[in-house]
Structure formats: structure tokens, C-alpha cells
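Report on one structure; see the data block that follows.
The values are calculated or read from the model by the stated rules, or taken from the named source; none is laboratory data. Fair warning: this is a prediction, and the values are worked out from it, not measured in the lab. Here the Cβ positions follow ideal geometry from the backbone for every residue, glycine too, while neighbour counts run over all protein chains shown.
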Amino acid sequence: MHYVGLAYFTPERFEAMPPEERAALLAQCPALDEAMRATGRMRLSASLGDLGTWRTLRPHGGKTHVSDGPYTEAKEVVGGLFVIEADSHEEALRIAALHPAATLGEAGGWAVELIPLDFYRAG
């Protein structure tokens with residue numbers, strides 16, 4: 001089974017951290033990312049980039065309207081994602097727990113949401 005992990009952060013909390021604490025936190029991420037890759041179960045991992053470049057597309061009056069993103073009005077924002085393949089939900093949880101957003105960054109409001117994927121095949 002495949003799972004997508006959505007890595008959340010709270011921009012205001014993350015930006016409020018002293019620069020040296022933010023740098024120390026981010027310096028720990030590569031080792032955790034490597035631990036996830038070392039499981040052999042990581043299929044994709046990506047940062048979603050600067051929120052200022054996000055756009056939201058919505059249907060309205062039969063046309064697609066584009067506005068600045070992100071779409072959500074929530075305090076937490078998805079900052080990255082990963083896809084893993086696991087034989088069980090428990091294995092998926094063990095692998096997802098290695099992600100930096102699941103182990104570090106409490107001060108920055110980090111969290112991971114793990115969601116099972118259902119793939120639909122075209123034609």
C-alpha cells in the first residue's frame with residue numbers, strides 16, 4: 001500500500017524562531033531524510049517551495065479563476081510531502097516517524113499527516 005505524508009508547519013511560529021535555532025533545526029533534517037530513504041520504501045519526497053509563489057485555481061461562473069495561494073485559511077500550511085510504500089499501516093507509521101516534521105520542529109509548529117492512497121488507473 002502507498003501512503004502520502006503531508007509535512008505541515010506554522011509559518012508565523014517558524015519565522016518567530018531565532019535565526020540560529022532555525023538553522024540548527026534545519027541542519028538536522030538531511031540525516032532524518034536519509035534515514036527515510038535508507039528504508040528503501042521512500043518513493044517520492046519534495047519541498048513545496050515558497051508560499052509566495054503558490055496559486056489557487058477555483059471554478060466560478062463557468063471560468064477558472066486564479067488567485068494567490070495557499071488555499072487554506074489555516075494556521076498550519078503543507079510545506080512538503082512524501083510518498084512511501086509499506087506492507088502495513090504500522091510500517092508506514094514507523095517510516096513516517098523518521099520525517100523531520102514528525103520528530104523535530106515543535107517550536108515551528110511542524111507535524112506530519114499520513115494518508116493512505118487509493119490509485120485509480122486510467123482506461
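Can you tell me which of Gly40, Gly52 is exposed (fewer than 11 other Cβ atoms within 10 Å of the Cβ) and either within 24 Å of Ile95 (Cβ to Cβ) or of a type in the set (Val, Ile, Thr) (or both)?
Gly40
Those residues that are in contact (Cβ under 8 Å) with a residue 60 or more places away in the chain and over 15 Å from the mean Cα position of the chain (by Cα), I need them from segment 61-87; list them, please.
Residues satisfying the conditions are Glu85, Ala86, Asp87.
Mind checking which residues of segment 7-26 are without any contact (Cβ under 8 Å) to a residue 12 or more places away in the chain and either under 12 Å from Pro100 (Cα atoms) or assigned to a helix (DSSP H, G or I) (or both)?
Residues satisfying the conditions are Glu15, Ala16, Pro19, Glu20, Ala23, Ala24, Leu26.
Is segment 27-37 home to any residue that is more than 17 Å from Arg13 (Cα to Cα), out of contact with any strand residue (DSSP E or B) (no Cβ under 9 Å at 6 or more places or on another chain), hydrophobic (A, V, I, L, M, F, W, C) and in a loop (DSSP other than H, G, I, E, B)?
no
Which residues, counting only those in segment 38-60, are among the charged types (D, E, K, R) and either without any contact (Cβ under 8 Å) to a residue 40 or more places away in the chain or in a strand (DSSP E or B) (or both)?
Passing the criteria: Arg43, Asp50, Arg55, Arg58.
Go through Gly105, Gly109, Gly79 for me and flag whichever is closer than 19 Å to Val4 by Cβ, surrounded by 11 or more Cβ atoms within 10 Å (Cβ to Cβ) and of a type in the set (Gly, Ala, Ser).
Just one listed residue meets the conditions, Gly79.
Determine whether Leu114 is buried (at least 16 other Cβ atoms within 10 Å of the Cβ) and either among the basic types (Lys, Arg) or assigned to a strand (DSSP E or B) (or both).
yes
Could you list, in sequence order, all residues of segment 95-108 that are at pLDDT 90 or above, in a loop (DSSP other than H, G, I, E, B) and of a type in the set (Gly, Ala, Ser)?
Answer for segment 95-108, where residues must be at pLDDT 90 or above, in a loop (DSSP other than H, G, I, E, B) and of a type in the set (Gly, Ala, Ser): just Ala97.
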